[in-house]
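Asks: Please see the structure below; I have some questions.
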Amino acid sequence: MLAAAVAASTSAVAPHFKAPILDYHALAPEIVLTGVLGVLLLVDLVVGERERWATSTIAGIGILAALIPVFTLGVRSHPGSMFGGAYVVDNFSLVLKALFLVTGYVVVLMSSNYIEEGDYYEGEFYFLLVSSLLGMVVMASARDLITIFLALELLSIPGYLMAGWRKRDVKSNEAALKYYLLGVLATAVMLYGMSLVYGYTGTTLLTGIGAKVGGSLTGHPILSFSIFLVLAGFAFKVSAVPFHQWAPDTYEGAPTPVTAFLSVASKTGGMVAILELVYVGFLNRHDVWAPLFWALAALTMTVGNLIALRQTNIVRMLAYSSVAQAGYMLVPFAVAGDNVKARGTAFEATVVYLLIYAAMNLGAFTVVITVARKTRSGEISSYGGLFEYAPGLTVLMTVFLFSLAGVPPLAGAWAKIFVFRAVLDSGTTAAVVLGVIAAVNSVIALFYYAGVAREMWMRPVPDEDRTPISVPPALAGALAATVVAVLAVGVYPNMLVRFGEISSLVK
Amino acid sequence: MNAFDHWALGAAVFLPAVAAGLLLLVPRAQETAQKAVALVFTVATTGVGVYLLTQFDYGNSRKLQFVVNNRWIDVINSRYHVGVDGISLPLLLLSMVITVMCVVYSWNHWPEPHNPKAFLILMLVLETGMNGTFLAQDLILFFVFFELVLLPMYFMIGVWGGPNRQYAAIKFFLFTLFGSALMILSFLALYFKGGQTFDMVALQHSAQTIAHSTQLLIFAGLFMGFAIKVPMFPFHTWLPDAHTEAPTVGSVFLAAILLKLGTYGFVRIAIPILPQAAHSWAPYIGVLAVIGIIYGALGCLAQRDMKRLIAFSSVAHMGFVMLGIATLSPIGINAAVFGMVAHGLITGMLFFIAGSVQERFGTRELSRLGGMLVQTPRMGWILGFCAMASLGLPGLAGFWGEFPAILSSYQPAAGLSLALFRTFMVVAAVGTVFAAGYLLWMLQRAAFGVPKAEFADAHIHDVHVPEYIAWTPLLVLILVLGLYPNLIFHMTDGAVHQALRAIGT
């Protein structure tokens, strides 16, 4: 009888269920990362305390291995689309997957000495790092509300844990708790918005939503409200003002490599989701999101920069600076709806900004980690006279800071120039005003970036301790990779701009 | 065009950058190796300059030569477009020669806190920026090189400068950056209004369709960017501070080359691309220029510090250059380019001497100095020679920058007010009298008489060997150009006519 019931239920379900056709090549990066996760857990279980460093190596190699299919997919000409269009592997997703994986690799390099010498759990740390990375890689391909939500949770939850990794430190506990509570709140808001969007459009597919939102549902007030809610949820993720309050405390309290990871990879993850939602899902409702982004961008740049001016701790300063940088990334969204040309250039501007921002911000954090190995301090004053005993690090930090400030011929200048191009392509008064706000902000930002440079080059050494700083090979590798990227893109921006062009979701 | 011609300009710009990269690899302790690398590469760069000088087609100096025009940033139609014509060639060579001389001069006296490696790297990066600015034919490329100059100079002043260095460094930085911001805004306006191109040559045609009122605004933005760099009155206040605090070599670079980037910008970009706006703005530029001449001279008369005096004299001399430019006449602009080269050589020399004086006497206070002709006769005579050159003595280079500039304001471009420009002429002529006054006064206080009691018994070394090597070429050039100014004029004349083509002279 049981058998009959099972047979009946199977036969009842069978006609509805069609096994999805999986494109294993397109899924290879995710599969590799999942494999790495398994290996990490097993190795951590098997090896002794002294050999735990192996987990760092495995994570690093695993992440690089996941890059291989990204390249082979890049060579493959046709995009892959699965689950009825909910999961797409196109140029956009490949460019961002590569960015996430490279960022993840650099973060592993930054972490290996920090985590090992700080006597923290190692295997678990890399397990969580790779999990979060898997979430980001999925996010780059997600074209469906549920997939986006899954990816977001997968990339966020390990982040909450990693922020509290220095568990004997009150600040680290505060960091994790604040990040977690506000993160959950934002998720709730966003989910509510998503459920309303689904309720009105009857689909979770972004392309489907795009068709509905432009067509029969134009101008429905509840829909406008739900778009607002969804975007506000992601504004938290990218720490846009006024959803930024968690960022400085979390960034300061979390272990510095985790801070770098959150401020680059996690922020990029949120930005990718916004790109997908805005340009595929809600494109035709720019009357709702353009003013929202205008306000977010203007506030985020200005508030971030003004508070950064007053910081005395380098990590907090970089935290507020990264809030301000998110503001520049949001500027193109505010002008994207104005005309077709601006839409294309705005999309490119954000993608190019993300790519360049990753290199320069990771570089700056790597220098901070390296210097803190000697000074054991995060105060900006502890950088006094750095040039006298660590000239190489000083030059690197100067390059990263001035790149963040947008001084040519460093990469950051091009990031800003592409934002301004989008603004001018739009040409409306509102856009130009926002452009002026961005320009004024770039000058304000120069003050605090140059302030650190002045401390390093022109001030005396505070404690007269001039022993050189030893740079472990892993950190040296991270520094080399980021500085080469910043300088090469600075001299020949074309090579990066191409990624912006080919990855466009705007047709 | 042989194969090297294609690479020559690239080499002129990037050889110093390559040297800077190599220096990074030389250990900090091996100072001789660092100096050798810097010297070899700067001399090689100058060699490229001499090669350009021999291969340059002087009959065709209006035309850009050794052009390289490659793809660079496709999405904004910005190209790696470099070329040299009669206006950029003398300035390029000036920049190359001055850099070599600065390396030689520094050989044995490095300003505190020492660290020759970093100092040399900054010099080399600076040279890349300067040479690139003189060769760029694309606005974005120009902007990148123009900005590249900023950072090394900021650090040079801020790290190796005098007691008030941090204030001077940030003041220099912010003034220039403010100008650059307005300048890039004007570049973008030219791009969007002038046919979506940043190419300077193409813009000379395509920008002519821009409405006159818009042109006036764009020109105003360019004016701010360049005038702060020159610096013109009333934007000059950063200059005395920067010069006073900068290390000797920094002052020399600043006076000899960096100020010229501003005036060069007028001649290369603002006037050829926006001739009508230039015509409308010319009287105002002329007014500021003559105010600068008189104000700079009066400022000099009030100075007690030798270096600060020379800094103010730069404001006056650059006033003559700007007056020449404001006439928009071929004589005026030829004079301006000559004036740039002459001022670069002469004021560069004066700053070298001021640095050497500071090093020997530990002070630049003119009231404490005196009797250099007795105590260090050679240096005293060199100071006298440079002071004469600077006040515009015929037969020395300074004369050919000043005299034709004054002459040209007798007959400015058609349509400009004759009465106004002739008034400028008279005022500028009075300015030359002031110039003679303050320079001779400085010479008198520093070199004549007997040494003051505090230095009377001190052993003060006369000119060192590295100083001889660094100074001789500059002194020879001051004399040769003074005796045979056509060396420069026959290069510049064709290009100047090309630049003024649209003004109809």
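Asks: Please pick out the residue among A:ARG143, A:ARG76 that is basic (Lys, Arg) and modelled with pLDDT under 90.
Replies: The conditions single out A:ARG76.
One line per residue, one yes/no per condition, for (1) surrounded by 13 or more Cβ atoms within 10 Å (Cβ to Cβ); (2) at pLDDT below 90; (3) more than 25 Å from A:MET110 (Cα to Cα); (4) of a type in the set (Lys, Arg):
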| residue | (1), (2), (3), (4) |
| --- | --- |
| A:TYR24 | no, yes, yes, no |
| A:VAL32 | yes, no, no, no |
| A:GLY35 | yes, no, no, no |
| A:ARG52 | yes, yes, no, yes |
| A:ALA59 | yes, no, no, no |
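Asks: Also, quick follow-up: Name the residue that is nearest to the other protein chains (Cβ to nearest Cβ), counting only residues in the stretch B:113-161 that are surrounded by 24 or more Cβ atoms within 10 Å (Cβ to Cβ) and of a type in the set (D, E, K, R).
Replies: Filtering the stretch B:113-161 for residues that are surrounded by 24 or more Cβ atoms within 10 Å (Cβ to Cβ) and of a type in the set (D, E, K, R), the one nearest to the other protein chains (Cβ to nearest Cβ) comes out as B:ASP138.
Asks: Here is a follow-up. Do we find that B:GLY392 is touching a Lys or Arg at 6+ places or on another chain (Cβ under 7 Å), not hydrophobic (A, V, I, L, M, F, W, C) and not in a helix (DSSP H, G or I) in this structure?
Replies: Judged against the criteria, B:GLY392 is not a match.
Asks: Criterion first (touching a helix residue (DSSP H, G or I) at 6+ places or on another chain (Cβ under 6 Å), among the β-branched types (Val, Ile, Thr), more than 14 Å from chain A (Cβ to nearest Cβ) and assigned to a helix (DSSP H, G or I)) does B:THR46 satisfy it?
Replies: Taking the combined requirement at face value, the residue satisfies it.
Asks: Would a scan of the stretch B:21-31 turn up a residue that is modelled with pLDDT of 90 or more and away from chain A (no Cβ under 14 Å)?
Replies: yes
Asks: Next up: Being assigned to a helix (DSSP H, G or I), open to solvent by less than 30 Å² (accessible area, probe 1.4 Å), among the hydroxyl-bearing types (Ser, Thr, Tyr) and under 21 Å from A:GLU501 (Cα atoms): is that true of A:SER112 here? Break it down into steps so the answer makes sense when it comes.
Replies: Numbers: assigned to a helix (DSSP H, G or I): yes; open to solvent by less than 30 Å² (accessible area, probe 1.4 Å): yes; among the hydroxyl-bearing types (Ser, Thr, Tyr): yes; under 21 Å from A:GLU501 (Cα atoms): no.
So A:SER112 fails the test.
Asks: Right, another one. Evaluate the following for A:LEU152: is it assigned to a helix (DSSP H, G or I), modelled with pLDDT of 90 or more and touching a Gly at 6+ places or on another chain (Cβ under 8 Å)? First the steps, then the outcome.
Replies: Details: assigned to a helix (DSSP H, G or I): yes; modelled with pLDDT of 90 or more: yes; touching a Gly at 6+ places or on another chain (Cβ under 8 Å): yes.
For A:LEU152, the condition - assigned to a helix (DSSP H, G or I), modelled with pLDDT of 90 or more and touching a Gly at 6+ places or on another chain (Cβ under 8 Å) - is met.
Asks: Hey, B:TRP441 hits all of (1) crowded, with 19+ Cβ neighbours inside 10 Å; (2) within 20 Å of B:ALA297 (Cα to Cα) but one; which does it fall short on?
Replies: (1)
Asks: Name the one entry in A:ARG166, A:ARG143 that is touching a helix residue (DSSP H, G or I) at 6+ places or on another chain (Cβ under 8 Å), of a type outside the set (Ser, Thr, Tyr) and within 12 Å of A:PRO255 (Cα to Cα).
Replies: A:ARG166
Asks: Would you please list the contacts, defined by Cβ atoms under 8 Å and residues six or more apart or on different chains, that run from a residue in the stretch B:104-115 that is modelled with pLDDT of 85 or more to a residue that is of a type in the set (Asp, Glu) and open to solvent by less than 70 Å² (accessible area, probe 1.4 Å)?
Replies: Cβ pairs passing all conditions: B:TYR105/B:GLU467.
Asks: What's the total number of residues in the stretch B:426-439 that are farther than 16 Å from B:HIS317 by Cβ and touching a residue at least 40 places away in the same chain (Cβ under 8 Å)?
Replies: Going through the stretch B:426-439 one residue at a time, the tally reaches 0.
Asks: Filter the stretch A:423-446 down to the residues that are buried (at least 20 other Cβ atoms within 10 Å of the Cβ), away from chain B (no Cβ under 11 Å), hydrophobic (A, V, I, L, M, F, W, C) and more than 14 Å from B:LEU185 (Cβ to Cβ) and list them by number.
Replies: A:ALA431, A:LEU434, A:ALA445
Asks: Being more than 13 Å from chain A (Cβ to nearest Cβ) and either under 15 Å from B:LEU150 (Cβ atoms) or open to solvent by 30 Å² or more (accessible area, probe 1.4 Å) (or both) is the filter here; which residues of the stretch B:178-201 pass it?
Replies: Listed by number, the residues that qualify are B:GLY195, B:VAL201.
Asks: Here is a check on your reading of the model: is A:TYR353 more than 22 Å from the chain's Cα centre (by Cα) and either without any contact (Cβ under 8 Å) to a residue 40 or more places away in the chain or crowded, with 24+ Cβ neighbours inside 10 Å (or both)? Walk me through it before giving the result.
Replies: Details: more than 22 Å from the chain's Cα centre (by Cα): no; either without any contact (Cβ under 8 Å) to a residue 40 or more places away in the chain or crowded, with 24+ Cβ neighbours inside 10 Å (or both): yes.
No.
Asks: If you don't mind, there's one more thing I want to ask. I need the full set of residues from the stretch B:25-43 which are touching a helix residue (DSSP H, G or I) at 6+ places or on another chain (Cβ under 7 Å) and open to solvent by 40 Å² or more (accessible area, probe 1.4 Å), in order please.
Replies: Those that are touching a helix residue (DSSP H, G or I) at 6+ places or on another chain (Cβ under 7 Å) and open to solvent by 40 Å² or more (accessible area, probe 1.4 Å): B:ARG28, B:GLU31, B:LEU39, B:PHE41, B:VAL43.
Asks: Does at least one position in the stretch B:406-416 carry a residue that is free of Cβ contacts under 8 Å to residues at least 60 places away in the same chain and either among the small types (Gly, Ala, Ser) or buried (at least 21 other Cβ atoms within 10 Å of the Cβ) (or both)?
Replies: No, because not a single residue in the stretch B:406-416 is free of Cβ contacts under 8 Å to residues at least 60 places away in the same chain and either among the small types (Gly, Ala, Ser) or buried (at least 21 other Cβ atoms within 10 Å of the Cβ) (or both).
Asks: Which members of the stretch A:312-344 meet the condition of being farther than 17 Å from A:VAL419 by Cβ and buried (at least 20 other Cβ atoms within 10 Å of the Cβ)?
Replies: Residues satisfying the conditions are A:ILE314, A:VAL315, A:ARG316, A:MET317, A:LEU318, A:ALA319, A:TYR320.
Asks: Continuing with the same structure: Among the residues of the stretch A:471-486, count how many are open to solvent by 80 Å² or more (accessible area, probe 1.4 Å) and under 18 Å from A:VAL395 (Cβ atoms).
Replies: Residues in the stretch A:471-486 being open to solvent by 80 Å² or more (accessible area, probe 1.4 Å) and under 18 Å from A:VAL395 (Cβ atoms): 1 in total.
The values are calculated or read from the model by the stated rules, or taken from the named source; none is laboratory data. In this text, all values refer to a predicted model and were calculated from it rather than measured experimentally. Glycine gets a Cβ as well: all are built from the backbone with ideal geometry, and neighbour counts include every protein chain shown. Ligands, DNA and RNA are stripped out before the accessible areas are found, and what is left, the full protein with its side chains, is counted by its heavy atoms. Shrake-Rupley method; radii C 1.70, N 1.55, O 1.52, S 1.80 Å.
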